[in-house]
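**Student:** Mind looking over this structure? Questions follow.
The values are calculated or read from the model by the stated rules, or taken from the named source; none is laboratory data. Treat the numbers as computed from the prediction; the structure is a model and nothing was measured. Every residue, glycine as well, gets a Cβ built from its backbone with ideal geometry; the counts of neighbours run over all protein chains shown. Ligands, DNA and RNA are excluded from the accessible area calculation, which covers all protein heavy atoms including side chains. Shrake-Rupley method; radii C 1.70, N 1.55, O 1.52, S 1.80 Å.
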Amino acid sequence: MNWAPVIGIEVHVELDTASKMFCGCRVSFGDPPNTNVCPVCLALPGSLPVPNREAIERIIRLGLALNCRINPGSVFHRKNYYYADLPKNYQISQFDIPVCVDGWLDVESDEGSFRVGIERVHMEEDTGKSVHVGEGGRIHTAAETLVDFNRAGTPLVEIVSRPDLRSAADARAYTQELRAVVAETGVSDARMERGSVRFDANVSIRPPQSQKLGVKVEIKNMNSFRSLEKAIRAEVDRQVELVEAGEKVVMETRHWDESAGITHGMRTKEGSSDYRYFTEPDLAPMVFSESWVQEARSQIPELPARRRERYRHLGLNPGSARVLAGSEPDLRGLFEDAVESGAAPVPAANWVTGDITASLRRRNACLGDVPLHGEDLAALTAMVSQGRISARAARQVLEGVMDGEGSPTRVARARNLEQISDQAALEQVVEEVMSAHSQAVERYRSGEKKVRGFLVGQVMRATSGRADPRAVNQILSTRL
(Lines give C-alpha, C1' and ligand atoms only; values in the text may rest on other atoms or scores of the structure.)
Protein backbone atom coordinates (compact mmCIF):
# COMPACT_ATOMS: atom_id res chain seq x y z
CA MET A 1 0.00 0.00 0.00
CA ASN A 2 1.12 3.56 -0.70
CA TRP A 3 -0.92 4.80 2.25
CA ALA A 4 -1.17 3.67 5.86
CA PRO A 5 -4.45 4.20 7.75
CA VAL A 6 -4.33 5.77 11.20
CA ILE A 7 -7.44 5.16 13.30
CA GLY A 8 -8.67 6.21 16.71
CA ILE A 9 -11.99 5.21 18.23
CA GLU A 10 -14.33 7.07 20.56
CA VAL A 11 -16.66 4.66 22.33
CA HIS A 12 -19.72 5.99 24.15
CA VAL A 13 -21.11 3.74 26.89
CA GLU A 14 -24.45 4.36 28.58
CA LEU A 15 -24.35 3.33 32.24
CA ASP A 16 -27.36 1.37 33.48
CA THR A 17 -27.64 3.16 36.81
CA ALA A 18 -31.04 3.44 38.45
CA SER A 19 -31.22 7.19 37.85
CA LYS A 20 -29.77 9.77 35.49
CA MET A 21 -26.46 11.59 35.84
CA PHE A 22 -27.67 14.83 37.41
CA CYS A 23 -31.28 14.18 38.46
CA GLY A 24 -33.52 11.51 39.97
CA CYS A 25 -35.32 10.43 36.78
CA ARG A 26 -35.03 6.71 36.21
CA VAL A 27 -32.94 5.19 33.44
CA SER A 28 -35.13 2.79 31.47
CA PHE A 29 -35.14 1.61 27.87
CA GLY A 30 -38.34 1.41 25.83
CA ASP A 31 -40.64 3.54 28.00
CA PRO A 32 -43.16 5.84 26.27
CA PRO A 33 -41.48 9.00 24.94
CA ASN A 34 -40.86 11.87 27.35
CA THR A 35 -42.11 10.04 30.46
CA ASN A 36 -38.77 9.91 32.34
CA VAL A 37 -38.11 13.64 32.44
CA CYS A 38 -38.00 16.42 35.04
CA PRO A 39 -37.04 20.13 35.25
CA VAL A 40 -33.33 19.22 35.57
CA CYS A 41 -32.97 17.02 32.48
CA LEU A 42 -35.30 19.33 30.52
CA ALA A 43 -33.16 22.33 31.59
CA LEU A 44 -36.06 24.36 32.92
CA PRO A 45 -35.06 27.70 34.51
CA GLY A 46 -33.91 27.47 38.11
CA SER A 47 -33.19 23.71 38.11
CA LEU A 48 -29.80 22.59 39.43
CA PRO A 49 -27.83 19.37 38.76
CA VAL A 50 -26.62 16.95 41.47
CA PRO A 51 -23.97 14.32 40.49
CA ASN A 52 -24.85 10.63 40.61
CA ARG A 53 -22.35 8.99 43.01
CA GLU A 54 -22.97 5.49 41.61
CA ALA A 55 -22.11 6.70 38.09
CA ILE A 56 -18.82 8.18 39.34
CA GLU A 57 -17.97 4.91 41.09
CA ARG A 58 -18.63 3.00 37.88
CA ILE A 59 -16.41 5.18 35.72
CA ILE A 60 -13.57 4.72 38.23
CA ARG A 61 -14.07 0.94 38.10
CA LEU A 62 -14.07 0.98 34.30
CA GLY A 63 -10.98 3.18 34.18
CA LEU A 64 -9.11 0.80 36.45
CA ALA A 65 -10.14 -2.16 34.27
CA LEU A 66 -8.61 -0.25 31.33
CA ASN A 67 -5.33 0.26 33.23
CA CYS A 68 -5.93 4.00 33.57
CA ARG A 69 -4.53 6.38 36.14
CA ILE A 70 -7.29 7.87 38.27
CA ASN A 71 -6.86 11.59 38.76
CA PRO A 72 -7.04 12.60 42.43
CA GLY A 73 -9.76 15.05 41.48
CA SER A 74 -11.92 16.03 38.52
CA VAL A 75 -14.26 18.78 37.41
CA PHE A 76 -17.22 19.07 35.07
CA HIS A 77 -17.32 21.51 32.16
CA ARG A 78 -19.97 22.88 29.87
CA LYS A 79 -19.58 21.84 26.25
CA ASN A 80 -21.57 24.39 24.27
CA TYR A 81 -23.35 23.44 21.06
CA TYR A 82 -26.90 23.37 19.77
CA TYR A 83 -28.99 20.44 18.61
CA ALA A 84 -32.72 19.93 18.94
CA ASP A 85 -32.16 16.91 21.20
CA LEU A 86 -29.88 18.85 23.60
CA PRO A 87 -32.29 20.69 25.92
CA LYS A 88 -29.70 22.88 27.71
CA ASN A 89 -27.97 23.97 24.48
CA TYR A 90 -24.86 22.70 26.24
CA GLN A 91 -23.76 19.31 27.51
CA ILE A 92 -22.27 18.77 30.96
CA SER A 93 -19.04 16.96 30.14
CA GLN A 94 -15.35 16.99 31.08
CA PHE A 95 -12.47 18.73 29.37
CA ASP A 96 -8.94 19.07 30.75
CA ILE A 97 -9.31 17.14 34.03
CA PRO A 98 -11.20 13.91 33.27
CA VAL A 99 -11.64 11.11 35.81
CA CYS A 100 -9.36 8.56 34.08
CA VAL A 101 -6.28 9.06 31.86
CA ASP A 102 -3.34 7.22 30.25
CA GLY A 103 -4.62 3.66 30.09
CA TRP A 104 -4.26 0.78 27.65
CA LEU A 105 -6.03 -2.35 26.43
CA ASP A 106 -4.39 -5.48 25.04
CA VAL A 107 -6.31 -7.00 22.12
CA GLU A 108 -6.12 -10.45 20.56
CA SER A 109 -7.11 -11.09 16.96
CA ASP A 110 -6.57 -13.79 14.36
CA GLU A 111 -3.45 -11.91 13.21
CA GLY A 112 -1.91 -11.64 16.69
CA SER A 113 -1.92 -9.39 19.75
CA PHE A 114 -1.52 -5.63 19.94
CA ARG A 115 -1.93 -2.85 22.51
CA VAL A 116 -4.15 0.21 22.12
CA GLY A 117 -3.52 3.27 24.27
CA ILE A 118 -6.46 4.83 26.10
CA GLU A 119 -6.07 8.61 26.16
CA ARG A 120 -8.94 9.35 28.54
CA VAL A 121 -12.15 8.02 30.03
CA HIS A 122 -14.50 10.81 31.02
CA MET A 123 -18.05 11.24 32.24
CA GLU A 124 -20.79 13.27 30.59
CA GLU A 125 -24.54 13.23 30.09
CA ASP A 126 -26.29 11.76 27.07
CA THR A 127 -28.51 13.72 24.72
CA GLY A 128 -32.12 13.03 23.86
CA LYS A 129 -33.06 10.87 20.90
CA SER A 130 -34.22 12.21 17.53
CA VAL A 131 -36.85 10.01 15.90
CA HIS A 132 -37.03 10.52 12.13
CA VAL A 133 -40.56 9.81 10.92
CA GLY A 134 -40.87 8.70 7.33
CA GLU A 135 -39.67 6.14 4.85
CA GLY A 136 -36.71 4.19 6.21
CA GLY A 137 -36.53 6.19 9.44
CA ARG A 138 -33.49 8.14 8.18
CA ILE A 139 -32.92 11.85 8.40
CA HIS A 140 -32.62 12.46 4.65
CA THR A 141 -35.95 10.71 3.91
CA ALA A 142 -37.89 11.83 7.00
CA ALA A 143 -41.11 13.80 6.72
CA GLU A 144 -40.60 15.13 10.22
CA THR A 145 -38.40 14.60 13.26
CA LEU A 146 -39.66 14.08 16.82
CA VAL A 147 -37.57 14.33 19.98
CA ASP A 148 -37.71 11.95 22.94
CA PHE A 149 -35.93 13.32 26.05
CA ASN A 150 -36.08 10.08 28.08
CA ARG A 151 -32.41 9.49 27.28
CA ALA A 152 -31.34 13.09 28.00
CA GLY A 153 -29.17 13.14 31.10
CA THR A 154 -28.39 9.40 31.14
CA PRO A 155 -24.84 8.80 32.48
CA LEU A 156 -22.54 8.45 29.50
CA VAL A 157 -18.87 7.43 29.56
CA GLU A 158 -16.67 8.34 26.63
CA ILE A 159 -13.57 6.19 26.09
CA VAL A 160 -11.09 7.87 23.74
CA SER A 161 -8.34 5.72 22.26
CA ARG A 162 -5.02 6.97 20.96
CA PRO A 163 -4.53 6.73 17.17
CA ASP A 164 -2.88 3.32 17.52
CA LEU A 165 -5.07 1.29 15.16
CA ARG A 166 -3.82 0.54 11.67
CA SER A 167 -6.70 -1.28 9.97
CA ALA A 168 -10.47 -1.61 10.01
CA ALA A 169 -10.10 -5.20 11.23
CA ASP A 170 -7.98 -4.02 14.18
CA ALA A 171 -10.62 -1.41 15.00
CA ARG A 172 -13.29 -4.10 15.06
CA ALA A 173 -11.17 -6.36 17.29
CA TYR A 174 -10.47 -3.45 19.66
CA THR A 175 -14.12 -2.45 20.03
CA GLN A 176 -15.16 -6.07 20.57
CA GLU A 177 -12.59 -6.43 23.34
CA LEU A 178 -13.59 -3.10 24.87
CA ARG A 179 -17.28 -4.01 24.85
CA ALA A 180 -16.41 -7.30 26.58
CA VAL A 181 -14.56 -5.40 29.32
CA VAL A 182 -17.49 -2.99 29.74
CA ALA A 183 -19.94 -5.87 30.08
CA GLU A 184 -17.70 -7.80 32.45
CA THR A 185 -17.23 -4.89 34.85
CA GLY A 186 -21.00 -4.54 35.12
CA VAL A 187 -21.04 -0.78 34.51
CA SER A 188 -23.45 -1.13 31.57
CA ASP A 189 -25.64 -3.75 29.95
CA ALA A 190 -23.48 -3.12 26.83
CA ARG A 191 -26.42 -3.94 24.54
CA MET A 192 -25.59 -2.44 21.18
CA GLU A 193 -29.09 -2.97 19.79
CA ARG A 194 -30.31 -0.53 22.45
CA GLY A 195 -27.58 2.00 21.80
CA SER A 196 -25.83 1.29 25.11
CA VAL A 197 -22.51 1.14 23.23
CA ARG A 198 -21.94 3.48 20.28
CA PHE A 199 -18.88 4.24 18.15
CA ASP A 200 -17.28 7.22 16.44
CA ALA A 201 -14.14 6.65 14.38
CA ASN A 202 -11.38 9.16 13.57
CA VAL A 203 -9.66 8.16 10.35
CA SER A 204 -6.69 9.57 8.45
CA ILE A 205 -4.03 8.27 6.05
CA ARG A 206 -0.30 8.90 5.68
CA PRO A 207 2.65 7.44 3.74
CA PRO A 208 3.82 4.24 5.47
CA GLN A 209 7.20 5.67 6.50
CA SER A 210 5.89 9.03 7.69
CA GLN A 211 5.28 9.84 11.34
CA LYS A 212 3.23 12.94 10.55
CA LEU A 213 -0.50 12.38 10.95
CA GLY A 214 -2.81 13.16 8.07
CA VAL A 215 -6.03 15.20 8.16
CA LYS A 216 -8.52 13.54 10.51
CA VAL A 217 -12.10 12.77 9.52
CA GLU A 218 -14.69 11.69 12.09
CA ILE A 219 -17.31 9.09 11.12
CA LYS A 220 -20.59 8.70 12.97
CA ASN A 221 -23.61 6.36 12.88
CA MET A 222 -21.95 2.95 13.20
CA ASN A 223 -24.23 0.77 15.32
CA SER A 224 -22.50 -2.61 14.99
CA PHE A 225 -18.99 -4.06 14.74
CA ARG A 226 -19.68 -4.92 11.11
CA SER A 227 -20.78 -1.36 10.32
CA LEU A 228 -17.71 0.05 12.04
CA GLU A 229 -15.35 -2.09 9.99
CA LYS A 230 -17.15 -1.37 6.71
CA ALA A 231 -17.33 2.38 7.39
CA ILE A 232 -13.60 2.63 8.13
CA ARG A 233 -12.70 0.67 5.01
CA ALA A 234 -14.93 2.91 2.90
CA GLU A 235 -13.49 6.10 4.42
CA VAL A 236 -9.88 4.97 3.93
CA ASP A 237 -10.66 4.18 0.27
CA ARG A 238 -12.30 7.60 -0.13
CA GLN A 239 -9.32 9.45 1.32
CA VAL A 240 -6.81 7.49 -0.77
CA GLU A 241 -8.81 8.24 -3.92
CA LEU A 242 -8.91 11.96 -3.06
CA VAL A 243 -5.19 12.28 -2.33
CA GLU A 244 -4.11 10.30 -5.36
CA ALA A 245 -6.32 12.53 -7.52
CA GLY A 246 -4.42 15.56 -6.20
CA GLU A 247 -7.22 16.77 -3.93
CA LYS A 248 -7.16 17.47 -0.21
CA VAL A 249 -8.89 15.68 2.65
CA VAL A 250 -11.00 18.15 4.64
CA MET A 251 -11.29 17.86 8.41
CA GLU A 252 -14.99 17.16 8.87
CA THR A 253 -17.61 14.93 10.44
CA ARG A 254 -19.18 12.40 8.08
CA HIS A 255 -22.24 10.16 8.34
CA TRP A 256 -21.99 6.44 7.52
CA ASP A 257 -24.73 5.38 5.08
CA GLU A 258 -25.12 1.65 5.68
CA SER A 259 -27.37 0.98 2.70
CA ALA A 260 -25.15 2.81 0.20
CA GLY A 261 -21.88 1.69 1.79
CA ILE A 262 -20.39 5.19 1.73
CA THR A 263 -19.87 8.17 4.05
CA HIS A 264 -21.62 11.52 3.54
CA GLY A 265 -20.36 14.91 4.72
CA MET A 266 -22.32 16.30 7.69
CA ARG A 267 -20.44 19.35 8.93
CA THR A 268 -17.00 20.84 9.30
CA LYS A 269 -15.20 19.22 12.21
CA GLU A 270 -15.17 21.36 15.35
CA GLY A 271 -12.17 21.94 17.56
CA SER A 272 -12.26 22.33 21.32
CA SER A 273 -12.40 26.12 20.98
CA ASP A 274 -15.64 25.83 18.99
CA TYR A 275 -17.33 24.26 22.01
CA ARG A 276 -16.30 27.16 24.30
CA TYR A 277 -15.58 24.90 27.26
CA PHE A 278 -15.77 26.45 30.70
CA THR A 279 -16.07 25.00 34.21
CA GLU A 280 -19.63 24.05 35.15
CA PRO A 281 -20.57 26.71 37.75
CA ASP A 282 -23.35 24.63 39.33
CA LEU A 283 -21.15 21.63 40.25
CA ALA A 284 -18.34 21.58 42.80
CA PRO A 285 -14.99 19.91 41.98
CA MET A 286 -14.80 16.19 42.85
CA VAL A 287 -12.07 14.67 45.02
CA PHE A 288 -11.39 10.90 44.97
CA SER A 289 -9.83 9.40 48.08
CA GLU A 290 -7.41 6.51 47.72
CA SER A 291 -9.74 4.30 49.78
CA TRP A 292 -12.57 5.00 47.34
CA VAL A 293 -10.35 4.08 44.38
CA GLN A 294 -9.20 0.87 46.08
CA GLU A 295 -12.79 -0.06 46.85
CA ALA A 296 -13.60 0.31 43.14
CA ARG A 297 -10.55 -1.82 42.27
CA SER A 298 -11.76 -4.61 44.55
CA GLN A 299 -15.01 -4.78 42.57
CA ILE A 300 -13.32 -5.59 39.24
CA PRO A 301 -14.08 -9.21 38.26
CA GLU A 302 -12.00 -11.52 36.07
CA LEU A 303 -11.55 -9.72 32.76
CA PRO A 304 -11.55 -11.34 29.29
CA ALA A 305 -7.74 -11.30 28.87
CA ARG A 306 -7.19 -13.11 32.18
CA ARG A 307 -9.97 -15.57 31.36
CA ARG A 308 -8.43 -16.39 27.96
CA GLU A 309 -5.12 -17.13 29.66
CA ARG A 310 -6.82 -19.41 32.19
CA TYR A 311 -8.69 -21.28 29.46
CA ARG A 312 -5.46 -21.83 27.53
CA HIS A 313 -3.96 -23.35 30.67
CA LEU A 314 -6.91 -25.78 30.62
CA GLY A 315 -5.74 -26.98 27.21
CA LEU A 316 -7.93 -24.92 24.89
CA ASN A 317 -6.25 -23.58 21.75
CA PRO A 318 -6.02 -19.75 21.46
CA GLY A 319 -8.96 -19.53 19.05
CA SER A 320 -11.31 -21.60 21.22
CA ALA A 321 -10.18 -19.75 24.35
CA ARG A 322 -10.92 -16.42 22.69
CA VAL A 323 -14.37 -17.47 21.49
CA LEU A 324 -15.37 -18.98 24.82
CA ALA A 325 -13.96 -16.12 26.90
CA GLY A 326 -15.99 -13.68 24.81
CA SER A 327 -19.23 -15.66 24.91
CA GLU A 328 -22.23 -14.81 27.04
CA PRO A 329 -21.75 -15.26 30.82
CA ASP A 330 -24.34 -18.05 31.08
CA LEU A 331 -22.55 -20.09 28.40
CA ARG A 332 -19.20 -19.61 30.12
CA GLY A 333 -20.88 -20.63 33.36
CA LEU A 334 -22.14 -23.81 31.70
CA PHE A 335 -18.60 -24.63 30.58
CA GLU A 336 -17.12 -23.95 34.01
CA ASP A 337 -19.81 -26.00 35.76
CA ALA A 338 -19.26 -28.89 33.34
CA VAL A 339 -15.49 -28.90 33.98
CA GLU A 340 -16.13 -28.74 37.72
CA SER A 341 -18.44 -31.75 37.29
CA GLY A 342 -15.63 -33.75 35.66
CA ALA A 343 -15.86 -32.95 31.95
CA ALA A 344 -12.65 -32.69 29.95
CA PRO A 345 -12.22 -28.98 29.10
CA VAL A 346 -11.62 -29.28 25.35
CA PRO A 347 -14.73 -31.31 24.39
CA ALA A 348 -16.85 -29.30 26.85
CA ALA A 349 -15.71 -26.05 25.20
CA ASN A 350 -16.40 -27.48 21.74
CA TRP A 351 -19.93 -28.42 22.74
CA VAL A 352 -20.63 -25.00 24.27
CA THR A 353 -19.28 -22.95 21.36
CA GLY A 354 -20.64 -25.35 18.74
CA ASP A 355 -23.81 -27.42 19.02
CA ILE A 356 -25.22 -25.77 22.17
CA THR A 357 -24.84 -22.25 20.81
CA ALA A 358 -26.28 -23.31 17.45
CA SER A 359 -29.28 -24.99 19.11
CA LEU A 360 -30.02 -21.88 21.20
CA ARG A 361 -29.95 -19.75 18.06
CA ARG A 362 -32.36 -22.08 16.27
CA ARG A 363 -34.68 -21.90 19.25
CA ASN A 364 -34.24 -18.12 19.56
CA ALA A 365 -33.62 -18.81 23.25
CA CYS A 366 -31.02 -18.17 25.93
CA LEU A 367 -29.53 -20.81 28.21
CA GLY A 368 -31.89 -19.89 31.03
CA ASP A 369 -34.83 -20.95 28.83
CA VAL A 370 -33.73 -24.60 28.59
CA PRO A 371 -33.05 -27.29 31.25
CA LEU A 372 -29.36 -27.80 30.43
CA HIS A 373 -26.81 -27.69 33.26
CA GLY A 374 -23.12 -28.32 33.75
CA GLU A 375 -23.60 -31.83 35.10
CA ASP A 376 -25.67 -32.69 31.99
CA LEU A 377 -22.87 -31.56 29.69
CA ALA A 378 -20.32 -33.48 31.75
CA ALA A 379 -22.46 -36.63 31.51
CA LEU A 380 -22.89 -36.18 27.75
CA THR A 381 -19.16 -35.81 27.08
CA ALA A 382 -18.47 -38.85 29.27
CA MET A 383 -20.98 -40.97 27.33
CA VAL A 384 -19.23 -40.08 24.07
CA SER A 385 -15.70 -40.68 25.40
CA GLN A 386 -16.75 -44.03 26.91
CA GLY A 387 -18.30 -45.14 23.63
CA ARG A 388 -21.81 -45.40 25.08
CA ILE A 389 -23.19 -43.15 22.34
CA SER A 390 -21.79 -41.96 19.03
CA ALA A 391 -21.03 -38.32 18.30
CA ARG A 392 -24.02 -38.24 15.96
CA ALA A 393 -26.33 -39.71 18.58
CA ALA A 394 -24.95 -37.28 21.16
CA ARG A 395 -26.43 -34.38 19.19
CA GLN A 396 -29.85 -36.01 19.38
CA VAL A 397 -29.36 -36.58 23.10
CA LEU A 398 -28.45 -32.92 23.56
CA GLU A 399 -31.66 -31.83 21.80
CA GLY A 400 -33.66 -34.17 24.02
CA VAL A 401 -32.11 -32.75 27.18
CA MET A 402 -32.79 -29.20 25.97
CA ASP A 403 -36.38 -30.22 25.16
CA GLY A 404 -36.86 -31.25 28.78
CA GLU A 405 -36.84 -35.04 28.30
CA GLY A 406 -34.48 -35.62 31.23
CA SER A 407 -30.82 -36.43 31.81
CA PRO A 408 -28.52 -37.53 28.94
CA THR A 409 -28.67 -41.16 30.11
CA ARG A 410 -32.45 -41.11 30.27
CA VAL A 411 -32.77 -39.49 26.83
CA ALA A 412 -30.34 -41.93 25.24
CA ARG A 413 -32.26 -44.91 26.59
CA ALA A 414 -35.68 -43.50 25.77
CA ARG A 415 -34.64 -42.72 22.20
CA ASN A 416 -32.76 -46.05 21.86
CA LEU A 417 -29.50 -44.24 21.03
CA GLU A 418 -27.04 -46.12 23.24
CA GLN A 419 -24.32 -47.87 21.27
CA ILE A 420 -24.14 -51.64 21.07
CA SER A 421 -20.80 -52.59 22.61
CA ASP A 422 -21.57 -56.17 23.55
CA GLN A 423 -18.90 -58.27 21.82
CA ALA A 424 -21.06 -61.33 21.17
CA ALA A 425 -23.94 -59.31 19.75
CA LEU A 426 -21.65 -57.38 17.42
CA GLU A 427 -19.84 -60.53 16.28
CA GLN A 428 -23.18 -62.01 15.26
CA VAL A 429 -24.09 -58.91 13.22
CA VAL A 430 -20.65 -58.88 11.56
CA GLU A 431 -21.02 -62.54 10.60
CA GLU A 432 -24.45 -61.86 9.10
CA VAL A 433 -23.12 -58.89 7.09
CA MET A 434 -20.12 -60.89 5.80
CA SER A 435 -22.40 -63.76 4.76
CA ALA A 436 -24.78 -61.39 2.98
CA HIS A 437 -21.90 -59.64 1.18
CA SER A 438 -19.52 -62.52 0.48
CA GLN A 439 -18.38 -60.98 -2.81
CA ALA A 440 -17.24 -57.83 -0.97
CA VAL A 441 -15.35 -60.04 1.50
CA GLU A 442 -13.55 -61.80 -1.35
CA ARG A 443 -12.67 -58.46 -2.98
CA TYR A 444 -11.15 -57.27 0.30
CA ARG A 445 -9.12 -60.46 0.68
CA SER A 446 -7.92 -59.99 -2.90
CA GLY A 447 -6.39 -56.65 -1.93
CA GLU A 448 -9.25 -54.18 -2.48
CA LYS A 449 -8.94 -52.62 0.99
CA LYS A 450 -11.43 -49.81 0.46
CA VAL A 451 -14.24 -52.39 0.60
CA ARG A 452 -13.70 -52.48 4.37
CA GLY A 453 -15.52 -49.14 4.71
CA PHE A 454 -18.50 -50.59 2.87
CA LEU A 455 -18.70 -53.51 5.30
CA VAL A 456 -18.46 -51.22 8.33
CA GLY A 457 -21.29 -49.15 6.87
CA GLN A 458 -23.46 -52.24 6.43
CA VAL A 459 -22.92 -53.19 10.09
CA MET A 460 -23.89 -49.68 11.18
CA ARG A 461 -26.95 -49.84 8.95
CA ALA A 462 -27.98 -53.19 10.36
CA THR A 463 -27.78 -51.77 13.90
CA SER A 464 -29.47 -48.45 13.03
CA GLY A 465 -26.17 -46.68 13.67
CA ARG A 466 -25.92 -47.96 17.24
CA ALA A 467 -22.91 -50.26 16.85
CA ASP A 468 -19.67 -49.09 18.43
CA PRO A 469 -17.51 -48.33 15.34
CA ARG A 470 -14.26 -49.15 17.16
CA ALA A 471 -15.53 -52.55 18.21
CA VAL A 472 -16.89 -53.22 14.72
CA ASN A 473 -13.51 -52.42 13.16
CA GLN A 474 -11.72 -54.70 15.61
CA ILE A 475 -14.05 -57.61 14.87
CA LEU A 476 -13.81 -57.09 11.12
CA SER A 477 -10.02 -57.02 11.33
CA THR A 478 -10.10 -60.46 12.98
CA ARG A 479 -12.70 -61.92 10.61
CA LEU A 480 -11.18 -60.55 7.42
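**Student:** With the requirement that a residue be under 14 Å from Asn473 (Cβ atoms) and either among the hydroxyl-bearing types (Ser, Thr, Tyr) or surrounded by 13 or more Cβ atoms within 10 Å (Cβ to Cβ) (or both), what does the range 423-433 give you?
**Tutor:** Scanning the range 423-433 gives Leu426, Glu427, Val429, Val430, Val433.
**Student:** What is the one condition in (1) surrounded by fewer than 17 Cβ atoms within 10 Å (Cβ to Cβ); (2) touching a residue at least 12 places away in the same chain (Cβ under 8 Å); (3) basic (Lys, Arg) that Arg332 does not satisfy?
**Tutor:** (1)
**Student:** Can you confirm whether the range 87-106 contains a residue that is open to solvent by less than 30 Å² (accessible area, probe 1.4 Å), more than 29 Å from Asp170 (Cα to Cα) and in a helix (DSSP H, G or I)?
**Tutor:** Of the range 87-106, the ones open to solvent by less than 30 Å² (accessible area, probe 1.4 Å) are 91-94, 98-101, 103, 105.
If we keep only those that are more than 29 Å from Asp170 (Cα to Cα) as well, we get 91-92.
Now drop any that are not in a helix (DSSP H, G or I), which leaves none.
No, because not a single residue in the range 87-106 is open to solvent by less than 30 Å² (accessible area, probe 1.4 Å), more than 29 Å from Asp170 (Cα to Cα) and in a helix (DSSP H, G or I).
**Student:** For the range 360-381, which residues satisfy the criterion of being open to solvent by 60 Å² or more (accessible area, probe 1.4 Å), hydrophobic (A, V, I, L, M, F, W, C) and part of a helix (DSSP H, G or I)?
**Tutor:** Residues satisfying the conditions do not exist here.
**Student:** In the range 118-135, is there at least one residue being out of contact with any Gly (no Cβ under 7 Å at 6 or more places or on another chain), open to solvent by 20 Å² or more (accessible area, probe 1.4 Å), in a strand (DSSP E or B) and closer than 17 Å to Leu178 by Cα?
**Tutor:** Taking every residue of the range 118-135 in turn, at least one turns out to be out of contact with any Gly (no Cβ under 7 Å at 6 or more places or on another chain), open to solvent by 20 Å² or more (accessible area, probe 1.4 Å), in a strand (DSSP E or B) and closer than 17 Å to Leu178 by Cα.
**Student:** Also, I was wondering about something else. Picking from Pro51, Pro39, Pro45, which residue would you name as being of a type outside the set (Phe, Trp, Tyr) and either surrounded by 15 or more Cβ atoms within 10 Å (Cβ to Cβ) or in contact with an Asp or Glu (Cβ under 8 Å, 6 or more places away or on another chain) (or both)?
**Tutor:** The match here is Pro51.
**Student:** Related question: Provide a single number: the residues in the range 1-46 that are within 30 Å of Arg233 (Cβ to Cβ) and within 26 Å of the chain's Cα centre (by Cα).
**Tutor:** Looking only at that region, the number is 10.
**Student:** Can I ask one more? Considering every residue within the range 57-77, establish whether at least one is in contact with a strand residue (DSSP E or B) (Cβ under 6 Å, 6 or more places away or on another chain), surrounded by fewer than 16 Cβ atoms within 10 Å (Cβ to Cβ), in contact (Cβ under 8 Å) with a residue 60 or more places away in the chain and assigned to a strand (DSSP E or B).
**Tutor:** For the range 57-77, residues in contact with a strand residue (DSSP E or B) (Cβ under 6 Å, 6 or more places away or on another chain), surrounded by fewer than 16 Cβ atoms within 10 Å (Cβ to Cβ), in contact (Cβ under 8 Å) with a residue 60 or more places away in the chain and assigned to a strand (DSSP E or B): present.
**Student:** Follow-up question, since we're still on this one. Considering only the range 17-36, state which residues are open to solvent by 20 Å² or more (accessible area, probe 1.4 Å) and in contact with a helix residue (DSSP H, G or I) (Cβ under 9 Å, 6 or more places away or on another chain).
**Tutor:** Residues satisfying the conditions are Ala18, Ser19, Phe29, Gly30.
**Student:** Additional query: Pull up the range 281-303, narrow it to residues that are under 18 Å from Asn71 (Cα atoms) and among the aliphatic types (A, V, I, L, M), then point me to the one that is surrounded by the most Cβ atoms within 10 Å (Cβ to Cβ).
**Tutor:** So the residue we want is Ala296.
**Student:** So, one more: Of the numbered conditions (1) modelled with pLDDT of 90 or more; (2) out of contact with any Leu (no Cβ under 9 Å at 6 or more places or on another chain), Ser204 fails exactly one; give the number of that condition.
**Tutor:** (2)
**Student:** While we're looking at this one, here's another question. Could you count how many residues in the range 435-468 are open to solvent by 50 Å² or more (accessible area, probe 1.4 Å) and within 49 Å of the chain's Cα centre (by Cα)?
**Tutor:** Summing the residues that are open to solvent by 50 Å² or more (accessible area, probe 1.4 Å) and within 49 Å of the chain's Cα centre (by Cα) in the range 435-468 gives 8.
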